[in-house]
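Working notes for the structure below.
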Amino acid sequence: MAPHFPATRLRRMRRTPQLRALMRETQLTPSDLIWPLFVREGKAEREPVASMPGVERLSIDLIVAAAKEAASLGIPAICLFPYTDPALKTERCEEAWNPDNLSNRATRAIKDAVPDIAVMTDVALDPYNANGHDGIVRNGEIVNDESVEALVKMALAQAAAGADILGPSDMMDGRIGAMRAALEGDGFTNTTIMSYAAKYASGFYGPFRDAVGASGALKGDKKTYQMDPANSDEALRLVARDLGEGADMVMVKPGMPYLDICRRVKDTFAVPTYAYQVSGEYAMLSAAFQNGWLAREAVMMESLLAFKRAGCDGILTYFAPEAARILNE
Ligand code: PBG
């Protein structure tokens with residue numbers, strides 16, 4: 001009688017780097033990355049974001065240089081977030097659709113100087129809102145349809161500035177359909193929309209609100225429009241709705257605590273799916289790296305690969321240039 005042996009020896013295929021490479025199921029490449037950048041006024045100005053070590057607000061000339069760097073690293077897209085002068089913030093958020101606002105000027109400068117990178121812009125009113133909310137506030141309520149009208153004007157101004165990808169992150173109902181109709185109506189048939197479809201009311205956005213200068217202005221929380229972290233089926237309804245209204249791509253946000261949502265979205269819809277590894281995730285990892293509690297390169301790359309394994313086609317991450325450099329080595 002044969003001695004007892006394990007029927008399946010899975011360790012056999014893990015024995016050497018070659019065998020491990022043969023059975024590796026997912027890969028991370030620079031073309032999976034979208035790099036979010038914070039824009040500020042001025043020239044040759046860089047200003048660190050305290051809660052995001054290594055991240056800076058950059059003036060437009062330096063944003064153009066960053067876009068060039070991203071293109072040379074094989075990163076297909078950057079995403080712009082403006083740090084707006086508090087004096088320009090109003091209740092009606094008019095600066096949001098000013099054709100010459102900071103974000104639109106930056107988009108034009110990048111499209112002129114770096115033709116081979118896609119520019120994504122954020123469609124939400126928070127950088128321009130005296131209340132810090134993503135929608136217009138009336139008697140303490142974030143009013144949906146009036147906000148959508150403002151967001152549509154904002155989206156058209158961004159498309160006119162040359163944005164390749166519009167990223168509505170506002171979570172108002174009906175905004176994707178309204179934007180798509182307006183884009184078609186104005187001849188912007190090639191402008192793509194990456195809907196922040198499953199965006200949760202998360203504590204992980206804290207450092208971002210510092211970076212864009214919105215934390216001071218924000219009154220209350222965003223729970224009447226962003227999703228309850230307890231929900232998962234609702235994410236599928238939102239994705240279905242936004243695809244039906246004309247979104248080309250969908251996003252799940254935040255990232256790492258919501259990988260189950262990424263997997264459900266990908267399995268259910270089989271559409272281009274992205275996750276945003278948000279500011280709080282970046283801050284958390286960076287703090288551990290700085291303290292020597294986690295190994296920087298290994299953990300950063302593991303955190304990004306996990307999104308691919310969960311079904312994502314790409315990741316918005318502040319680690320984008322560093323990760324791309326490592327992948328290109
Ligand atoms: C605003 C917006 C937020 C983020 C992207 N767009 C913040 C929020 O909803 O309060 C967060 C990104 C990050 O935390 O890195 N509409």
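Rule-based calculations on the coordinates, nothing more; no lab input. Source: prediction; values computed, not measured. Glycine gets a Cβ as well: all are built from the backbone with ideal geometry, and neighbour counts include every protein chain shown.
Here are the numbers for the structure shown:
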| item | result |
| --- | --- |
| Candidates Asn104, Asn131, Asn291, ranked by Gaussian network fluctuation over the chain, Cα under 10 Å, top entry | Asn291 |
| Of every Cα-Cα pair in the stretch 27-328, the percent that sits beyond 32 Å | 18 |
| As computed over the stretch 252-329, the Cα convex hull volume per residue (Å³) | 84 |
| Filter on Lys223/Lys253; Lys68/Lys308; Lys199/Lys223; Lys222/Lys253; Lys43/Lys89 - keep pairs with C-alpha separation over 19 Å | Lys68/Lys308; Lys43/Lys89 |
| Per principal axis, descending, Cα span of the stretch 90-151 in whole Å | 45, 17, 16 |
| Under 9 Å, Cβ to Cβ, from Leu125 - net charge with Lys/Arg +1 and Asp/Glu -1 | -3 |
| Neighbour-count ranking [beta-carbon atoms within 10 angstrom, fewest first] of Tyr225, Tyr318 | Tyr225, Tyr318 |
| Cα-centre dipole for the chain with unit charges at Cβ (Lys and Arg positive, Asp and Glu negative), debye to 20 | 1580 |
| Relative contact order, percent, the stretch 27-328 [alpha-carbon distance under 8 Å, six or more residues apart] | 20 |
| Sparse-neighbour loop sites [trypsin sites (Lys or Arg not before Pro); the stretch 139-221; at most 13 other C-beta within 10 Å; DSSP] | Lys219 |
| Cα radius of gyration and Dmax for the stretch 15-130 (Å) | 17.8, 62 |
